[in-house]
Amino acid sequence: MTRFDPDLVFFEPKALEYPVGDALYRRLKKTGIPIKVTPSHNRVTGIPGDTPAKAYANAKRTLVVGVKRTMKLDTSKPSADYALPVSTGCPGHCHYCYLQTTMGKKPYVRVYVNIDEILDNAQKYIEERAPELTTFEAACTSDPIAVEHLTGNLKRMIEFMGRQERAKLRFVTKYDDVDHLLDAAHNGNTRFRFSINSRYVIKNFEPGVSAFDSRIEAAGKVAKAGYPLGFIVAPLIIYEGWEDGYAELFERMSRELIPEAKQDLTFELIQHRFTAAAKRIILQNYPATKLEMEEEKRKYKYGKYGRGKWVYQGSDADRLNLHLRGLIEEYFPASKIEYFT
Ligand code: SF4
């Protein structure tokens with residue numbers, strides 16, 4: 001099982017006034033991990049590292065425990081109506097990770113302890129929109145399972161959604177540490193998604209997160225616990241032997257999942273893309289990466305606000321799309337493909 005144990009921890013003093021913060025402090029104190037005080041979880045200073053790559057790696061080994069003050073929720077279209085974060089950052093080291101650009105100067109792993117206030121606030125949003133359904137995404141700025149053993153916040157959120165008539169939750173993970181969520185009273189209101197990939201992509205580009213087999217086994221357990229299940233297959237990468245790599249993935253998933261889970265299964269398919277800014281940061285954080293980011297092999301796709309991304313050229317994108325759709329049709333004919341992008 002893959003679990004994050006920080007090398008260094010920062011606490012906001014206010015975090016100790018909440019049961020989750022107090023319990024976490026007592027637990028960490030016993031382990032001997034150095035604990036420091038930070039006046040704000042937004043401005044953490046003193047994480048060591050004499051090169052950008054080392055500072056980045058050390059930040060990912062650093063836990064920051066704070067109180068979430070901003071209660072205005074960001075929208076999270078098209079995945080959900082609102083983002084509902086209880087943590088930010090991630091101890092994983094996926095070379096292509098979008099958090100490298102979106103989290104900018106805050107690559108450390110941060111957890112919020114005021115979960116009751118966060119859920120009370122979500123309740124207000126649900127009530128304001130009633131009788132319409134409100135959907136929340138818990139993984140916009142983090143992998144929530146990576147820190148669940150520290151706070152238990154995700155389970156509280158799943159059970160909160162389980163009690164709602166007009167709300168749904170979804171999140172995505174690359175971690176296999178799911179046992180403690182199997183008995184949660186989810187009431188079918190949480191879609192548990194795994195981000196998954198071929199063995200080659202996981203081995204070469206996803207250090208620090210759970211391995212190919214254990215991730216699929218975790219999905220099997222989640223399916224048996226009756227959660228609606230989904231897979232984000234991303235980033236889809238073309239490499240020598242990619243067709244066989246993705247075929248192995250689907251065959252393995254099909255063997256692991258119980259028949260009931262295959263009836264209500266979603267797939268999101270996302271081809272690898274990069275921006276100029278992301279390429280620069282990725283090469284700084286992971287100078288030896290084998291991730292292919294050659295503009296001449298790609299097509300520039302303009303975004304809504306002018307800034308675009310490098311995606312695969314039309315014929316390559318078509319090959320990926322067709323191959324993946326063929327595999328889904330073969331192994332999971334009753335599932336829903338939400339999108340290929
Ligand atoms: S698991 Fe997700 S959030 Fe964590 S490093 Fe990998 S891509 Fe980023």
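At 25 °C and a viscosity of 0.890 mPa s, what translational diffusion coefficient does Stokes-Einstein give for segment 91-203, taking Rh as the Kirkwood radius over Cα pairs? Give it in µm²/s as a whole number.
In µm²/s, the coefficient rounds to 160.
Under 21 Å of direct C-alpha separation, and excluding same-chain neighbours fewer than eight residues apart, K297 reaches these lysines: K279, K309. Look at the Cα gyration tensor of segment 64-141: its axes a ≥ b ≥ c give a/c of at least 1.5 with a/b at or below b/c, and that counts as oblate. The calculated 222 nm mean residue ellipticity attributable to helices in the chain amounts to -10500 deg cm²/dmol, summing -39500 (n - 2.57) over DSSP H runs of n ≥ 4 and dividing by all residues. Note on K299: aspartates and glutamates with a C-alpha under 17 Å away, same-chain residues under 8 apart excluded, are D316, D318. Looking at the square roots a ≥ b ≥ c of the eigenvalues of the Cα gyration tensor of segment 1-94, which shape do they give, rounded for a/c under 1.5, prolate if a/b is larger than b/c, or oblate? The shape class here is oblate. Beyond 26 Å in Cα-Cα separation lie the following of the pairs K72/K304; K30/K168; K29/K155; K14/K106; K155/K262; K60/K224: K30/K168; K60/K224. A dipole drawn for segment 8-253 from +1 and -1 charges on Cβ atoms has a positive end, and of V222, V44, T141 the residue lying farthest that way is V44.
Oblate is the label for the chain, because the ratio a/c of its alpha-carbon gyration tensor axes (a ≥ b ≥ c) is 1.5 or higher and a/b is not greater than b/c.
Taken about its Cα centre, segment 8-253 carries a charge dipole of about 840 debye when Lys and Arg each add +1 at the Cβ and Asp and Glu each add -1 at the Cβ. Protection proxy ranking of 293-303, 223-233, by the mean of other Cβ atoms within 10 Å over each peptide's residues and highest first, is 223-233, 293-303. Whole number in Å², please: accessible area per residue of the chain, 1.4 Å probe, ligands, DNA and RNA not counted. Accessible area per residue, the chain: 46 Å². Can you compute the label reach from D74? Point 7 Å from Cα along the Cβ direction, backbone N cut-off under 11 Å, restricted to segment 273-304. Zone members listed by number: none at all. Annotation note: trypsin sites (Lys or Arg not before Pro) in segment 73-149 located in DSSP loop regions with a Cβ neighbour count of at most 12 within 10 Å are K105. Just the number, please: carbon plus sulfur as a percent of the accessible area of the chain, 1.4 Å probe, no ligands or DNA/RNA counted. Ligands and nucleic acids excluded, carbon and sulfur reach 52 percent.
Across the protein chains, with a 1.4 Å probe defining accessible surface, the residues E132, E148, E256 rank E132, E256, E148 from largest area downward. For A288 and D22, the FRET efficiency from 1/(1 + (r/R0)^6), where r spans their Cβ atoms and R0 equals 30 Å, is about 0.10.
Within the chain, the cysteines lacking any other cysteine Cβ closer than 4.7 Å to their own Cβ are C90, C140. At what distance in angstrom do the alpha carbon centres of segment 78-135 and segment 280-338 lie from each other? Here the two parts' Cα centres lie 25 Å apart.
Any chance you could run the full-extension gain for L133 through K203? It's 0.36 nm times the residue separation minus the Cα-Cα distance, nm to one decimal.
21.3 nm
The values are calculated or read from the model by the stated rules, or taken from the named source; none is laboratory data. This is a predicted model, so every value here is computed, not measured. Don't worry about glycine lacking a Cβ; one is built from the backbone with ideal geometry, like all the others, and counts go over all protein chains shown. Just so you know, the surface numbers come from the protein's heavy atoms only, side chains and all, with ligands and any DNA or RNA stripped out. Shrake-Rupley method; radii C 1.70, N 1.55, O 1.52, S 1.80 Å.
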